[in-house]
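Undergrad: Following this message is one structure expressed as structure tokens.
The values are calculated or read from the model by the stated rules, or taken from the named source; none is laboratory data. This structure is a prediction, so every number in the text was calculated from the model and none was measured. FYI the Cβ positions are ideal-geometry reconstructions off the backbone, even for glycines, and counts take in every protein chain you see.
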């Protein structure tokens with residue numbers, strides 16, 4: 001359970017950093033969100049055990065094993081974070097006019113830049129890196145070690161799934177972080 005608390009700390013950091021996923025030049029040239037709420041408010045998209053993104057329209061429903069731990073909706077994008085006893089899942093809708101590989105690369109760069117993260121890299125199997133792509137979707141799994149100050153290192157795995165909400169305009173980023181030993185590929 002102690003490591004789940006540290007995991008939540010990592011996730012909160014990732015949620016905060018997810019707003020920075022676009023390069024500064026892209027943010028400066030970004031167009032207004034097509035599906036943004038008319039007043040730009042940050043209204044909640046959670047009703048009971050479901051969520052509908054106020055700005056992008058994607059939705060998810062979950063069972064009672066999951067708890068909402070964070071929700072942020074605004075002009076810069078929407079995010080919802082769910083947690084259970086094993087993993088933390090975040091869905092982030094953002095304006096994203098670039099390709100899906102850049103989405104994955106931008107998301108994972110925050111791990112590479114974090115001094116508390118080491119050994120960050122693609123999860124490997126006998127067939128190579130774990131990941132794939134479908135029409136309008138690219139996903140990958142990465143392993144890393146997180147060492148908080150004055151703490152023992154903990155191995156984690158992060159699943160990252162970038163998919164177009166509207167190709168060339170917006171993307172949905174789904175990420176799941178779990179202790180490495182609990183991840184099954």
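Undergrad: Condition first: more than 28 Å from residue 95 (Cα to Cα) and at pLDDT 95 or above. Can you find one or more residues in the stretch 137-146 that meet it?
TA: yes
Undergrad: Residues of the stretch 135-152 being at negative phi and outside any strand (DSSP E or B), which ones?
TA: Of everything in the stretch 135-152, those that are at negative phi and outside any strand (DSSP E or B) turn out to be 135, 147, 148, 149, 151, 152.
Undergrad: Would you list the strands (runs of 3 or more DSSP E) that sit entirely within the stretch 75-134 and hold 1 or more residues that are surrounded by fewer than 18 Cβ atoms within 10 Å (Cβ to Cβ)?
TA: On the way: elements: 77-83, 87-95, 117-122, 131-134.
By residue number, 117-122, 131-134.
Undergrad: Still on this structure, I have one more. Taking the stretch 164-185 on its own, how many of its residues are in a loop (DSSP other than H, G, I, E, B), under 27 Å from residue 127 (Cα atoms), touching a residue at least 12 places away in the same chain (Cβ under 8 Å) and more than 17 Å from the chain's Cα centre (by Cα)?
TA: So the answer is 1.
Undergrad: Residues 82, 100, 138: which one is in contact with a strand residue (DSSP E or B) (Cβ under 8 Å, 6 or more places away or on another chain) and touching a residue at least 60 places away in the same chain (Cβ under 8 Å)?
TA: 100
Undergrad: Then there's this: Would you confirm, using the coordinates I've provided, whether residue 151 is under 28 Å from residue 62 (Cβ atoms) and either loosely packed, with under 13 Cβ neighbours inside 10 Å or touching a residue at least 40 places away in the same chain (Cβ under 8 Å) (or both)?
TA: no
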